[in-house]
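These notes are about the structure you will find just below.
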Amino acid sequence: MARLILQNIYKRYDNSISGFFGKKAKQNDFAVKDFSFECKDRSFIGILGPSGCGKSTTLRMIAGLEKITDGKMFIDDICINELLPKDRNIGLAFEDYALYPPLSVYENLAFNLKAKGMPEGEVKKAIGRVAPLLKVDELLDMKPSALSGGQKQRVNIARAIIRQPGLLLLDEPLSHLDGKMRQTLRQEIKRMHREIECTTIIVTHDQIEAMSLADTIIIMKDGELQQMGTPLEVYDQPVNEFVAGFIGEPPMNLLRSIITKTQEGFFFTFSGSDLRVKVPDRYNNVISDGLKITLGVRPMDVLITDKPQSTPISVSIYENFGDERRVSIKVGEDHLNLTTTADVYYKRGDTIRLDFNSEKTHLFNAETGEAIK
């Protein structure tokens, strides 16, 4: 098993190009900036973020496939900055399966073990232990060309863990699979992690994968750490607008609002809309009349009501997903989305009244995007 520590990691690629008279263009900004976290022994970490945020670069630095520009990286108490990939006791599975086409599944799994000089009897024993974990024990005689995408990815992950690594790295392993197969393989990866008790890091842009698999989620943007916490913490207590809008499906509504004080108390109001929402008393010490903020509220916390004091508002879009309905409404220049399990139907232009679960609202600084608490 392994404990991983990253301390103030930076990565900059030298993408400068020569111009006229030998002058160089300006070098790119850092792909990863001052990135630090600790991955405890036997934990499951999900690194989550949009494409280009630096998550795969971070994984490749951990694996030793990319050189660190600055900072230190430790596995247990050993600094691995200069260690070769083969000396880090790491298993790595990419989104591309990278199986050897001429070899059977058994031979693909056995390849690295035989390369290290492991006796055939021990190779068979290792494959017999790992193959059932990923449900590839019935595929051992088949060639990769005969396998489905899900089967290839199972073999790919099995090959990564057969060496019994202290640290298992998964780089978007489900991105090439269809929705049903992704769900199935997510469950198998979770079960496999419990059985092998290996410290695991998965990199993904899919927040459902990260939320369902990881014990701890790290959210990145533009090479920087935005928030680190349990799935429930990052969902319920987002530190900024980016995290709030990135976590959750459908994502959190983020509405530009002005705090307005009346005889009845403080209200969220919206430019270009008659909608107003009572501000919870817990915000009274951090708001003032005329303050511009961004109001965050999740779609399931926007409720359809028949209260006559609620402001009527027109439906823009209605979608029926069977188990839930989604309604989109224009609030000034922003769109407000809500979900409901009620058996209702609306068409564009229908009028409904809304109520907010105001205790589940979030406030963000209109300029910095940081959470107001």
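List of remarks:
- Here the gap between residue 307 and residue 360, fully extended at 0.36 nm per residue and compared with their Cα-Cα distance, gives a gain of 17.1 nm.
- Taking only the C-alpha atoms of the chain, the Rg (one decimal) and the largest Cα-Cα distance, Dmax (whole number), read 25.3, 83 Å.
- Residue-count net charge about residue 274 - beta-carbon cut-off 13 Å; Lys, Arg +1, Asp, Glu -1: +3
- Selected from 62, 127, 352 as most flexible by GNM, with the chain as the system and alpha-carbon contacts under 10 Å: 352
- For the chain, a simple Cβ point-charge model (Lys and Arg +1, Asp and Glu -1, everything else neutral) yields a dipole of about 680 debye relative to the Cα centre.
- One chain, two ends: residue 13 and residue 323. Fully extended at 0.36 nm per residue, the span grows by 106.9 nm beyond their Cα-Cα distance.
- The convex hull defined by the C-alpha atoms of the stretch 150-201 has an orientation-averaged projected area of 3.3 nm².
- At 1.306 mPa s and 10 °C, Stokes diffusion of the stretch 253-372 via Kirkwood alpha-carbon radius, µm² per second: 107 µm²/s
- Seen from residue 337, the other residues with C-beta closer than 12 Å to its C-beta sum to a net charge of -1, counting Lys and Arg as +1 and Asp and Glu as -1.
- Between residue 42 and residue 208, full extension at 0.36 nm per residue minus the direct alpha carbon distance yields a gain of 57.6 nm.
- Cα-based reach from residue 67 at 28 Å (exclusive), listing lysines while leaving out same-chain residues under 8 positions away: 11, 23, 24, 26, 33, 40, 55, 86, 116, 221
- Volume of the Cα convex hull of the stretch 59-112, divided per residue and given in Å³: 100 Å³
- Take every DSSP beta bridge whose two residues both sit in the chain; close to 75 percent of them are antiparallel.
- Calculated [222 nm] ellipticity per residue, helices only, for the chain: -6500 deg cm²/dmol; basis is -39500 (n - 2.57) per DSSP H run with n ≥ 4, divided by all residues, nearest 500.
All of the numbers you see were taken from the coordinates with simple rules; none came from a lab. Fair warning: this is a prediction, and the values are worked out from it, not measured in the lab. Note that each Cβ is placed from the backbone with ideal geometry, even for glycine, and that neighbours are counted across all protein chains shown.
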